[in-house]
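What follows is one structure encoded as structure tokens, with my remarks underneath.
The values are calculated or read from the model by the stated rules, or taken from the named source; none is laboratory data. As the structure is a prediction and not an experimental result, all values here were calculated from the model. Ideal geometry is used to build each Cβ from the backbone, glycine not excepted, and the neighbour counts take in all protein chains shown.
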């Protein structure tokens with residue numbers, strides 16, 4: 001019989017506001033040192049809620065001076081620790097892999113006995129449907145929400161159907177001996193609380209103290225896990241006010257109001273004007289943008305930061321979103337602002353600024369981070385930085401549909417299906433790759449043939465026959481060897497792209513091996529093609545592990561939220577437009593926002609009370625709340641900005657771009673949070689020059705700058721004319737003459753020279769036809 005839910009007992013220390021990352025790690029190091037000295041390093045477990053930033057936390061704890069010699073800290077994320085505990089309880093359990101989950105969820109939905117709601121049938125036609133449904137089911141699993149738990153609240157028919165499918169899905173998993181990653185923490189909580197087979201005794205035998213880091217993000221089940229783990233151990237929780245983004249997605253309120261009376265909470269003030277030491281003991285002055293970070297997180301302007309404390313009511317300050325500013329303060333917060341015409345120019349300007357900072361300070365590329373709003377933006381941003389001459393360090397697994405090597409293997413599998421169905425056809429006898437003239441160009445066979453012919457030298461149908469065998473996984477391995485796929489990747493791709501392509505090839509091979517072992521699909525080419533097709537269709541960019549600090553170094557490109565436990569000399573926050581911060585689509589694309597507001601049983605906060613909003617976010621005035629749903633989740637976006645900003649040790653850059661409005665007209669749609677910073681007394685956004693006179697680094701940047709000049713000069717003249725000013729045509733003529741001389745007399749590629757001339761013709765209003 002399971003014991004009652006545990007309550008937390010121990011000490012909770014909360015920073016009054018998000019601290020600069022170096023100060024945060026120094027604080028964690030000091031708390032760890034005290035526990036390690038008292039109990040010994042191997043008897044202290046450091047538990048972080050999320051895996052992001054875990055490497056830096058390990059470095060911090062490892063670097064602590066030890067009274068008893070070198071430390072070997074035990075540092076884990078909570079999901080990782082729970083996974084090990086569950087494995088100790090039942091070593092025979094298999095973790096459900098991402099690709100397996102896609103296939104099994106599809107089978108469960110296809111075999112549903114309940115009628116599918118009409119809305120979901122229509123929504124299933126959208127590309128993101130399966131991905132959105134999968135995310136909803138994962139969140140329901142993490143919170144252990146079953147249909148029986150929500151039936152009394154009369155859930156929307158779509159939610160009732162999806163909860164029922166999730167229940168059936170997990171029943172199927174249990175029958176097959178699988179455990180889903182999202183279910184690891186909920187399942188292990190029950191086992192620890194009941195001490196099933198003495199599991200809690202075994203897991204906690206060598207734990208005398210637990211240091212719970214990032215405590216503001218511990219959800220309800222996470223707190224129960226922590227309580228069960230520390231019944232006989234000293235517990236110290238470290239967290240920050242105004243810093244929860246993930247927990248507040250599903251749970252409103254401040255963390256100290258949710259933990260009960262047995263956890264002693266201490267709030268630590270953080271004076272703005274003092275200097276600090278980082279976790280390496282190096283003294284540093286407060287960064288110039290510190291006041292901006294604090295303003296984004298707490299709503300307090302510089303004047304209140306200087307003269308006011310936290311107080312009991314966090315909503316008393318004059319610099320909330322809905323308040324008025326006070327007198328000009330003495331303390332100033334300053335960040336740099338990059339504003340460009342297009343998203344492409346935004347990244348190019350960032351690349352130029354990175355090179356300029358390297359020249360000025362001698363920083364390595366590792367000291368820079370470029371933060372995008374969503375992880376899906378990582379691949380494109382990384383590519384553009386590299387084209388501009390800036391090496392990047394981010395490694396991940398992009399969407400399989402975008403991977404040429406994966407598409408080659410899928411084409412190989414498709415053609416093997418054709419051979420398996422039609423015998424050794426596909427023009428094998430004649431060598432004619434288009435033997436079946438009745439097929440159109442969009443036919444899967446034709447598409448696959450063209451793909452293989454384009455990628456593999458001397459491709460012929462005989463190669464398909466020579467590499468085929470009874471085992472689909474070994475046949476794939478033969479194709480990879482015979483066509484030298486990995487060698488081609490290594491020769492043709494840069495090292496980051498090559499590493500990601502190798503990861504994609506490995507995933508395809510893992511799927512092939514799974515197909516041979518499972519009964520979900522047949523262990524043949526048809527079964528492999530079905531599973532590959534689903535995986536490619538539903539896969540999302542970078543849903544798997546992303547490594548941001550590989551040994552070769554480079555600029556980190558990541559989602560802003562991933563910088564919470566990181567620090568760099570310079571951080572560039574990209575896409576600060578109102579479309580992304582805060583944006584308009586919250587939580588999911590699966591349902592209209594109007595529906596979400598009414599879905600009380602959706603596994604996230606959908607109908608917050610204005611009082612809860614004001615209690616959760618100090619940046620909101622309860623009386624000024626309009627749309628509670630939009631206000632609540634917009635404030636989470638504001639917090640993400642604050643946490644990304646605090647990762648910058650020296651320089652913070654806020655970057656945005658214009659939106660096209662037809663013709664030469666473009667308008668800025670800067671994030672409302674940048675506008676608030678602009679309007680706040682004592683806070684300053686210093687514009688970075690994007691003129692072409694700045695130093696240009698990288699061949700790609702030089703080419704694009706050259707091609708932009710004709711139209712750029714025309715736009716400058718038009719802007720002057722539209723405002724009644726006088727344009728300096730002499731400077732324009734001099735610039736154009738210099739370009740003409742270079743084109744005529746310099747060693748310039750003919751195609752480049754023609755491209756520049758075309759730009760002049762476009763700027764002059766001429767139309768170029770391709771005859």
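Looking at the range 345-373 only, could you name the residues that are in contact (Cβ under 8 Å) with a residue 60 or more places away in the chain, farther than 17 Å from residue 391 by Cα and surrounded by fewer than 17 Cβ atoms within 10 Å (Cβ to Cβ)?
Selection gives 361 alone.
Within the range 621-644, can one find any residue that is in a loop (DSSP other than H, G, I, E, B), touching a helix residue (DSSP H, G or I) at 6+ places or on another chain (Cβ under 6 Å) and in contact (Cβ under 8 Å) with a residue 60 or more places away in the chain?
We begin by selecting, within the range 621-644, every residue in a loop (DSSP other than H, G, I, E, B); these are 621, 625-627.
With touching a helix residue (DSSP H, G or I) at 6+ places or on another chain (Cβ under 6 Å) added as a condition, the list becomes 625.
Now drop any that are not in contact (Cβ under 8 Å) with a residue 60 or more places away in the chain, which leaves none.
Checking the range 621-644: not a single residue is in a loop (DSSP other than H, G, I, E, B), touching a helix residue (DSSP H, G or I) at 6+ places or on another chain (Cβ under 6 Å) and in contact (Cβ under 8 Å) with a residue 60 or more places away in the chain.
Inspect the range 223-241 for any residue being buried (at least 21 other Cβ atoms within 10 Å of the Cβ) and more than 24 Å from residue 39 (Cβ to Cβ) and give the result as yes or no.
Yes, there is a match, as at least one residue in the range 223-241 is buried (at least 21 other Cβ atoms within 10 Å of the Cβ) and more than 24 Å from residue 39 (Cβ to Cβ).
Considering each residue of the range 168-200, count those that are free of Cβ contacts under 8 Å to residues at least 60 places away in the same chain, surrounded by 17 or more Cβ atoms within 10 Å (Cβ to Cβ) and more than 21 Å from residue 228 (Cα to Cα), and give that number.
Number of matching residues: 1.
Kindly evaluate residue 203 against the criterion of being touching a strand residue (DSSP E or B) at 6+ places or on another chain (Cβ under 9 Å) and either outside the structural domain of residue 237 (by TED's automatic domain parsing) or touching a residue at least 12 places away in the same chain (Cβ under 8 Å) (or both). Let's see the steps before the verdict.
Working: touching a strand residue (DSSP E or B) at 6+ places or on another chain (Cβ under 9 Å): no; either outside the structural domain of residue 237 (by TED's automatic domain parsing) or touching a residue at least 12 places away in the same chain (Cβ under 8 Å) (or both): yes.
So residue 203 fails the test.
Return the residues of the range 568-608 that are in contact with a helix residue (DSSP H, G or I) (Cβ under 6 Å, 6 or more places away or on another chain), over 30 Å from residue 352 (Cα atoms) and part of a helix (DSSP H, G or I); say none if nothing qualifies.
Residue satisfying the conditions is 597 alone.
Checking the conditions here, which among 645, 680 is surrounded by 15 or more Cβ atoms within 10 Å (Cβ to Cβ) and modelled with pLDDT of 95 or more?
Numbers: 680 fails: modelled with pLDDT of 95 or more.
Result of the check over 645, 680: 645.
Keeping to the range 452-473, report how many residues are modelled with pLDDT of 90 or more, crowded, with 16+ Cβ neighbours inside 10 Å and part of a helix (DSSP H, G or I).
Adding up the residues that qualify gives 7.
Which ones in the range 82-130 are surrounded by 14 or more Cβ atoms within 10 Å (Cβ to Cβ), within 27 Å of the chain's Cα centre (by Cα) and part of a loop (DSSP other than H, G, I, E, B)?
96, 97, 128
Only one of these is modelled with pLDDT under 90, assigned to a helix (DSSP H, G or I) and surrounded by fewer than 20 Cβ atoms within 10 Å (Cβ to Cβ): 490, 435, 401. Name it.
Working: 490 fails: modelled with pLDDT under 90; 435 fails: assigned to a helix (DSSP H, G or I).
On inspection, the qualifying residue turns out to be 401.
Against the definition (assigned to a helix (DSSP H, G or I), over 23 Å from residue 522 (Cα atoms) and modelled with pLDDT under 90), how does residue 446 come out, yes or no?
Details: assigned to a helix (DSSP H, G or I): yes; over 23 Å from residue 522 (Cα atoms): yes; modelled with pLDDT under 90: yes.
So residue 446 fits the description; yes.
Could you check the range 255-374 for helices (runs of 4 or more DSSP H) lying wholly inside it with 1 or more residues that are modelled with pLDDT of 95 or more?
On the way: elements: 290-298, 302-307, 343-361.
Helices (runs of 4 or more DSSP H) meeting the threshold: 290-298, 343-361.
Quick check, is residue 527 under 14 Å from residue 103 (Cβ atoms), at pLDDT 90 or above and either assigned to a helix (DSSP H, G or I) or in the same structural domain as residue 216 (by TED's automatic domain parsing) (or both)? Explain how you work it out, then say what you get.
Details: under 14 Å from residue 103 (Cβ atoms): yes; at pLDDT 90 or above: yes; either assigned to a helix (DSSP H, G or I) or in the same structural domain as residue 216 (by TED's automatic domain parsing) (or both): yes.
Taking the combined requirement at face value, the residue satisfies it.
How many of the residues making up the range 147-162 are closer than 19 Å to residue 120 by Cβ and either in a loop (DSSP other than H, G, I, E, B) or without any contact (Cβ under 8 Å) to a residue 24 or more places away in the chain (or both)?
Step one: of the range 147-162, the residues closer than 19 Å to residue 120 by Cβ are 147, 150-151, 154-162.
Subsequent filtering for residues that are either in a loop (DSSP other than H, G, I, E, B) or without any contact (Cβ under 8 Å) to a residue 24 or more places away in the chain (or both) retains 147, 151, 154-156, 160.
Qualifying residue count, the range 147-162: 6.
Among (1) assigned to a loop (DSSP other than H, G, I, E, B); (2) touching a helix residue (DSSP H, G or I) at 6+ places or on another chain (Cβ under 7 Å), there is one condition residue 232 misses while meeting the rest; what is its number?
Going through (1) assigned to a loop (DSSP other than H, G, I, E, B); (2) touching a helix residue (DSSP H, G or I) at 6+ places or on another chain (Cβ under 7 Å) one by one, residue 232 breaks only (2).
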